[in-house]
Amino acid sequence: MRTVHVSAASKEYDVLIGIDAVRSLGAEAKKLCPKALKALVVSETNVAPLYLDTVNDQLEGAGFEVTDYVFGAGEQNKNITEIAGMWNKMAEAGFTRTDIVIGLGGGVTTDMAGFAASTFLRGISVIQIPTSLLAMVDASVGGKTGIDIPMGKNQVGAFWQPTLVLEDISFLRTLPDDVFTEGMGEVTKHAFIMDLDLFDKLEKANGSIRVDEELLEEIVYMNVSDKASVVGEDENDNGRRQTLNFGHTVGHVIERDSGFTKPHGICVAKGMGIIMDACVRAGTLSAEDAEKMKDLLRLYKLPVSDEITPEVIVEGAMNDKKKRGDTLSVILVNKIGSAEIKKMTKEEFLEFLSV
Ligand code: GLY
């Protein structure tokens, strides 16, 4: 088992990564939350039939009284109604401040479980057990929790660091291919903004990291280490953490315009491709590096462009929660492995995106 330690300003915790990592859940939960008597396991309808029994057995074996909350899979259910359902379940079961929430699923689940935990009784512990590649390398680490509202994704939420993140690589065996591919959007993003070794490893693996679980574990570990270093420096997203938004300002607009039917990681890949093209036109990124990065995206079956117009991107981006005042923080990659935060007005961003 590999361990990444996250030293966020508000809390320190470990991310445990390995095949069959879930087998340590009971003992770890008992050790980290010795006063907890009850656990709410939050999961969704695709994941629960696969792993809920295993997780419940672990917790019950360690003496916890377990309550489950299973919601309908999908981004459309990432809303306040489901959160209220979680609050009510905990209240009915008599949860106190020392009890715990477990998030078992992809990014939607870990974001919602974290948000329910951050708000119930003004905050109780959450242990995250991500089951998708995207949630393992990104969503479950770093304490961003929340829900969507009609105006946009993740518009309501809280920073709430988990007590533990358990990443069981064997859970990726059941992940559909398209969902795995989506996760590669965030994996390649880490390579582009900060990790040349990861870039090289992904290039050498030639598009097939799924078949080799040891390699997959190493790649997940590298990504979690990258994310942990950023969160350790800037938990509240005021500086370096914003570089993790590479491709996201554009990607979120594409995602929202599709009514959230296009997967997040796919939209991020499109957004990264669009920003790379703009950087090449602006002369801040070499065409050679841009082509190498796009080749890596293509190698992992990710798109590199979209039909969306600069006008639509800019209008959508001006409603994004990442906007501060009148300016946007646009993340640029100036060479492979190195990102920059550039403040742009609406007009500057439009000019940057336009041919
Ligand atoms: N997903 C980007 C972040 O956690 O900051």
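The conditions are (1) modelled with pLDDT of 95 or more; (2) surrounded by 15 or more Cβ atoms within 10 Å (Cβ to Cβ); (3) among the small types (Gly, Ala, Ser), and GLY316 fails exactly one of them. Which is it?
(1)
If I filter segment 243-282 down to residues being closer than 19 Å to ASP148 by Cα, among the small types (Gly, Ala, Ser) and surrounded by fewer than 24 Cβ atoms within 10 Å (Cβ to Cβ), which single residue comes out as farthest from the ligand (Cβ to nearest atom)?
Once the filter is applied, the top-ranked residue is GLY259.
Before we move on, is THR81 surrounded by fewer than 24 Cβ atoms within 10 Å (Cβ to Cβ), more than 28 Å from GLY232 (Cβ to Cβ) and out of contact with any Cys (no Cβ under 6 Å at 6 or more places or on another chain)? Before you say what the answer is, go through the steps one by one.
Details: surrounded by fewer than 24 Cβ atoms within 10 Å (Cβ to Cβ): yes; more than 28 Å from GLY232 (Cβ to Cβ): yes; out of contact with any Cys (no Cβ under 6 Å at 6 or more places or on another chain): yes.
Against the criterion (surrounded by fewer than 24 Cβ atoms within 10 Å (Cβ to Cβ), more than 28 Å from GLY232 (Cβ to Cβ) and out of contact with any Cys (no Cβ under 6 Å at 6 or more places or on another chain)), THR81 qualifies.
Of the residues VAL330, VAL304, VAL312, VAL268, only one is in contact (Cβ under 8 Å) with a residue 24 or more places away in the chain and in a strand (DSSP E or B); which? Let's see the steps before the verdict.
Details: VAL304 fails: in a strand (DSSP E or B); VAL312 fails: in a strand (DSSP E or B); VAL268 fails: in a strand (DSSP E or B).
On inspection, the qualifying residue turns out to be VAL330.
Suppose we filter segment 84-104 for residues that are crowded, with 24+ Cβ neighbours inside 10 Å and either among the basic types (Lys, Arg) or within 20 Å of PHE159 (Cβ to Cβ) (or both); how many remain?
Of the residues in segment 84-104, 4 are crowded, with 24+ Cβ neighbours inside 10 Å and either among the basic types (Lys, Arg) or within 20 Å of PHE159 (Cβ to Cβ) (or both).
Would it be correct to say that LEU134 is under 22 Å from THR54 (Cβ atoms) and within 16 Å of the ligand (Cβ to nearest atom)? I'd like the intermediate steps shown before the answer.
Details: under 22 Å from THR54 (Cβ atoms): yes; within 16 Å of the ligand (Cβ to nearest atom): yes.
Against the criterion (under 22 Å from THR54 (Cβ atoms) and within 16 Å of the ligand (Cβ to nearest atom)), LEU134 qualifies.
For GLY123, state whether it is closer than 28 Å to GLU92 by Cβ, within 13 Å of the ligand (Cβ to nearest atom) and surrounded by fewer than 24 Cβ atoms within 10 Å (Cβ to Cβ).
no
It is to be established whether one or more residues within segment 204-222 are within 11 Å of the ligand (Cβ to nearest atom) and within 21 Å of TYR13 (Cβ to Cβ). Spell out how you get there, then give the answer.
Of segment 204-222, the ones within 11 Å of the ligand (Cβ to nearest atom) are none.
Within segment 204-222, none of the residues are within 11 Å of the ligand (Cβ to nearest atom) and within 21 Å of TYR13 (Cβ to Cβ).
Kindly state which strands (runs of 3 or more DSSP E) lie completely within segment 127-197 and contain at least 3 residues that are in contact (Cβ under 8 Å) with a residue 60 or more places away in the chain and buried (at least 24 other Cβ atoms within 10 Å of the Cβ).
Details: elements: 144-149, 152-159, 164-168.
Strands (runs of 3 or more DSSP E) meeting the threshold: 164-168.
Residue check: is ASP197 at pLDDT 95 or above, under 17 Å from SER140 (Cα atoms) and either among the acidic types (Asp, Glu) or within 15 Å of the ligand (Cβ to nearest atom) (or both)?
Details: at pLDDT 95 or above: yes; under 17 Å from SER140 (Cα atoms): no; either among the acidic types (Asp, Glu) or within 15 Å of the ligand (Cβ to nearest atom) (or both): yes.
Considered against the rule, which asks whether it is at pLDDT 95 or above, under 17 Å from SER140 (Cα atoms) and either among the acidic types (Asp, Glu) or within 15 Å of the ligand (Cβ to nearest atom) (or both), ASP197 comes out as no.
Would you mind stating whether ASP200 is part of a helix (DSSP H, G or I) and over 27 Å from VAL22 (Cα atoms)?
Yes: the conditions hold for ASP200.
Has segment 161-183 got at least one residue that is within 15 Å of the ligand (Cβ to nearest atom), over 30 Å from PRO34 (Cα atoms) and at pLDDT 95 or above? Even if it seems obvious, please write down each step before you answer.
Taking segment 161-183 as the starting set, the residues that turn out to be within 15 Å of the ligand (Cβ to nearest atom) are 161-162, 165, 182-183.
Applying the additional criterion that residues be over 30 Å from PRO34 (Cα atoms) yields 182-183.
With the extra rule that they be at pLDDT 95 or above, the set shrinks to 182-183.
Within segment 161-183 (the criterion being within 15 Å of the ligand (Cβ to nearest atom), over 30 Å from PRO34 (Cα atoms) and at pLDDT 95 or above), the answer is yes, since at least one residue qualifies.
Pick out the one residue from ASP237, ASP289, ASP295 that is surrounded by 15 or more Cβ atoms within 10 Å (Cβ to Cβ), among the acidic types (Asp, Glu) and within 25 Å of SER208 (Cα to Cα).
Working: ASP237 fails: within 25 Å of SER208 (Cα to Cα); ASP295 fails: surrounded by 15 or more Cβ atoms within 10 Å (Cβ to Cβ).
From the options ASP237, ASP289, ASP295, the qualifying one is ASP289.
When you look at ALA228, is it aliphatic (A, V, I, L, M) and either more than 13 Å from the ligand (Cβ to nearest atom) or surrounded by fewer than 17 Cβ atoms within 10 Å (Cβ to Cβ) (or both), yes or no?
no
The values are calculated or read from the model by the stated rules, or taken from the named source; none is laboratory data. Small disclaimer: the values here were computed from a predicted structure and weren't measured. Cβ atoms come from the backbone with ideal geometry, glycine included; neighbour counts cover every protein chain shown.
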